[in-house]
2 protein chains.
Amino acid sequence: MTKIEKTLENKSVRPTAMRILIYKYMAEKKIAVAMTDIENVFEKAERTTLYRTLKTFEEKGIVHQIDDGTNISKFALCELGCSCELDQDLHLHFHCSNCNETVCLTEHKIPHINLPEGYIAEEANLVLKGICDKCSGH
Amino acid sequence: MTKIEKTLENKSVRPTAMRILIYKYMAEKKIAVAMTDIENVFEKAERTTLYRTLKTFEEKGIVHQIDDGTNISKFALCELGCSCELDQDLHLHFHCSNCNETVCLTEHKIPHINLPEGYIAEEANLVLKGICDKCSGH
DNA sequence: TTTTTCAATGCAACAGAAGTGCAATTAATG
DNA sequence: CATTAATTGCACTTCTGTTGCATTGAAAAA
């Protein structure tokens with residue numbers, strides 16, 4: 001049993017071939033992936049399966065969904081310490097308007113915000129847009 | 001000439017009947033509105049017109065588009081001091097998961113984030129999710 | 001005032017993302 | 001092996017957003 005299979009089982013997700021492949025793909029790619037990316041890579045597979053796989057992954061805390069403002073949902077593997085399963089995923093994301101890639105800045109946490117009376121924050125989503133390190137050239 | 005007409009002209013937008021109505025609607029509603037909201041209110045009007053009106057408003061700095069993570073674009077009138085026309089709209093938004101409404105917290109600015117070497121931030125979007133003051137009951 | 005011109009609107013069709021119901025297949029369990 | 005449940009494949013639908021083109025309407029020029 002591979003490491004990936006173990007990871008999936010630990011999260012009570014049956015390690016099927018499809019799921020292992022998708023997990024592997026996401027692990028290799030360092031950036032957040034969109035559905036279309038995955039579709040292009042796994043052309044033989046059904047779109048629905050891919051959707052449902054990602055949904056399952058998300059529900060089980062294997063990936064987290066990222067809304068980077070492009071109106072296209074992206075997904076990234078949760079890392080150790082990623083607390084998105086608690087609806088408290090506080091790291092921020094960076095979307096490069098040049099290469100159109102979105103990365104997790106896991107080491108950068110969202111600062112605490114003092115809300116007005118009566119507001120109760122449960123989740124936070126912070127996306128910075130601009131030019132990433134690869135595109136800025138240093 | 002009404003105040004709304006003047007506002008539109010100041011932003012070099014021709015104050016047509018449709019545009020005045022949409023502006024009025026958004027001014028009365030305090031929260032951010034979705035396309036579907038506007039469609040439901042102005043059933044006689046074409047969906048395309050509404051889209052294009054909002055796009056024009058956005059380009060001219062009359063409204064700003066909000067991505068609150070629901071995958072449905074929302075719009076809110078820019079207020080005095082709202083600098084979204086500079087692509088630097090730094091106030092944050094709150095989305096209530098109970099009533100599903102999104103409000104601008106214009107007085108709450110997004111804190112500065114120190115990015116890793118090579119990253120250049122040009123825009124920022126911060127959305128907090130949770131329970132709003134009306135739904136929390138105090 | 002009439003004509004010209006251009007912006008605004010209406011209409012139709014399209015594209016892409018996402019979700020659903022159901023059948024077929026596959027894997028786990030007794 | 002048989003039963004059961006989960007997974008996947010297929011077809012279809014919905015919803016958001018966009019585009020091209022014809023038509024209308026309003027402002028500016030003749």
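Annotations for the structure displayed:
- Heavy-atom accessible area, probed at 1.4 angstrom with all protein chains present, ranks B:LEU50, A:LEU77 as A:LEU77, B:LEU50, highest first.
- Measuring how big the range B:28-76 is from its alpha-carbon positions, Rg and Dmax come out at 10.5, 29 Å.
- Comparing mean-square fluctuations of B:GLU117, B:GLU43, B:GLU28 from a GNM of chain B with C-alpha springs under 10 Å, the top value falls on B:GLU117.
- Expressed as a whole percent, the accessible area of the protein assembly as shown that falls on carbon and sulfur atoms is 48 (1.4 Å probe).
- Angle of helix A:47-59 to the longest C-alpha principal axis of chain A, folded into 0 to 90 degrees and rounded to 10: 60°.
- 0 to 90° range, to nearest 10: angle between helix A:17-28 axis and chain A longest Cα axis: 40
- Every Cα-Cα pair in the range B:2-65 was counted, and those over 15 Å apart are 45% of them.
- Cα-based radius of gyration for chain B, normalised by 2.2 N^0.38 Å, reads 1.13.
- Per-residue ellipticity at 222 nm, computed for chain B from helices alone with -39500 (n - 2.57) per DSSP H run of at least four residues, works out to -9000 deg cm²/dmol.
- DSSP bridge orientation in chain B - percent antiparallel, rounded to nearest 5: 75
- Where only alpha carbons of the protein assembly as shown are counted, the Rg and the Dmax (Å): 20.9, 75
- Per-residue surface analysis assigns B:ILE62 an accessible area of about 10 Å², computed on protein heavy atoms at 1.4 Å probe radius.
- Note on chain B: GNM, Cα springs under 10 Å; of B:VAL41, B:VAL103, B:VAL13, the largest mean-square fluctuation is that of B:VAL41.
- Accessible surface of A:ARG19 - all protein chains present, 1.4 Å probe, nearest 10 Å²: 50
- Between the amide H of B:HIS108 and those of B:LEU92, distances stay under 5 Å, these residues lying 5 or more places away or on another chain, with hydrogens modeled in the peptide plane.
- In the context of the full set of protein chains, the range B:3-136 has a per residue accessible area of 56 Å² (1.4 Å probe).
The values are calculated or read from the model by the stated rules, or taken from the named source; none is laboratory data. Given the structure is predicted, the values throughout are model-derived calculations rather than measurements. SASA here: full protein model, heavy atoms, side chains in, ligands and nucleic acids out. Shrake-Rupley method; radii C 1.70, N 1.55, O 1.52, S 1.80 Å.
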